[in-house]
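The values are calculated or read from the model by the stated rules, or taken from the named source; none is laboratory data. Everything numeric here is computed off the predicted structure, so don't read it as measured data. Here the Cβ is made from the backbone with ideal geometry for all residues, glycine too, and neighbour counts use every protein chain on show. For the accessible areas, the whole protein counts, side chains as well, though only heavy atoms, and no ligand, DNA or RNA atoms are used. Shrake-Rupley method; radii C 1.70, N 1.55, O 1.52, S 1.80 Å.
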Amino acid sequence: MTKTAERRPIADAAVHPVPAPPPAGGRRRRRLLDQACAYAFLLGGLVCFALFSWYPAIRAVVIAFQKYTPGSKPQWVGTANFTRVLHDPEFGAAWRNTLTFTLLALLVGFAVPFLLALVLNELRHAKAFFRVVVYLPVMIPPVVSALLWKWFYDPGAGLANETLRFLHLPTSNWSNGTDTALISLVIVATWANMGGTVLIYLAALQSIPGELYEAAELDGANLLQRVRHVTVPQTRFVILMLMLLQIIATMQVFTEPFVITGGGPESATVTVLYLIYKYAFLYNDFGGACALSVMLLVLLGAFSALYLRLTRTEGDTA
């Protein structure tokens, strides 16, 4: 019985021989075929990026050193476009407004979404409903959202001042005042874009182990102490990444000043991107517009490189 059992695998091997490995040339051809299929699937996306992202960016850098108007032959002028833009009286105002807008958007746009995420994380009922409510402004087209807020800010019959009058409080010029126009636009941008940020913060909060909060409660920590010593340290990487992305996004603000204020009053809301629009489509100076775009590209490229470095460092650490 034992001898028969020992001989059976030999008989089975004779009936079912082990297949020989494919030749090296066959494996190489299969690998090349797989790579060719992968690049074929990527080809459509690469073509779109090349036509609508890379070529316009490279073309803008070239035009920044040329005198270019539609219908005329470009002339190489070196750094003359940069010199002219730097001496523009609106250049300093545009950068000052953009940096101020970015700073205010970081202060408001970080605190409000983070607090909303904390509140949503503590809810026990109707959590899905409030998530939809918070994210709803993101689904509204930006121009429609800006037009709604333009009516809201109307100093005459706008809802904001009508509400203040009903409460017997002093009214405001909102987007029509030089002192209040920029912060009014920050409120609009924060309301329109905070939905995605809230959901990302909420996901980060829900990934924190509950044992940490239980240990903090046993040590007698109150709500603020738990947020300071548990929540913020556990979400610091997400906070930093979103702050960098917010800097990159807010420095490209255009829709709100274009639709609501038109850059006014008295250039109080002229941003860098709005000034680029004026150079290209109002002054018909595409060389100056591209020169200003290159300056903005260099600054945003530095923040983008910092973002990529931090994400790569975190990925290596994980």
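Points worth noting:
- Counting only chymotrypsin sites (Phe, Trp or Tyr not before Pro) that DSSP places in a loop and that have at most 15 other Cβ atoms within 10 Å, the longest clean stretch of the chain runs over 1-253.
- Backbone amide hydrogens, once placed in the peptide plane, bring residue 66 within less than 5 Å of 77, excluding anything fewer than 5 places away on its chain.
- Using the Stokes-Einstein relation with a Kirkwood hydrodynamic radius computed over Cα pairs, the translational diffusion coefficient of the range 44-97 at 37 °C and a viscosity of 0.692 mPa s comes to 247 µm²/s.
- Surface accessible to a 1.4 Å probe, residue 139 within the full protein complex, Å²: 110
- Going by accessible surface with a 1.4 Å probe and the largest first, 179, 154, 88 read 179, 154, 88.
- Built amide H within the under 5 Å cut-off of residue 88, gap 5+: none
- Ordered by 1.4 Å accessible area with all protein chains kept, 132, 186 run largest first as 132, 186.
- Rounded, prolate or oblate (a/c below 1.5 giving rounded, otherwise prolate when a/b exceeds b/c) for the chain by Cα gyration tensor: oblate
- Residue 269 long-range amide H proximity, modeled H, under 5 Å: 264
- Residue-by-residue Karplus 3J(HN,Hα) for the range 222-227, coefficients 6.51, -1.76, 1.60, Hz, glycine and proline x: 7, 4, 5, 5, 5, 5
- Cα shape, the range 15-164, gyration tensor, a/c 1.5 rule: oblate
- Pairwise Cα distances in the range 152-226 exceed 15 Å for 71 percent of all pairs.
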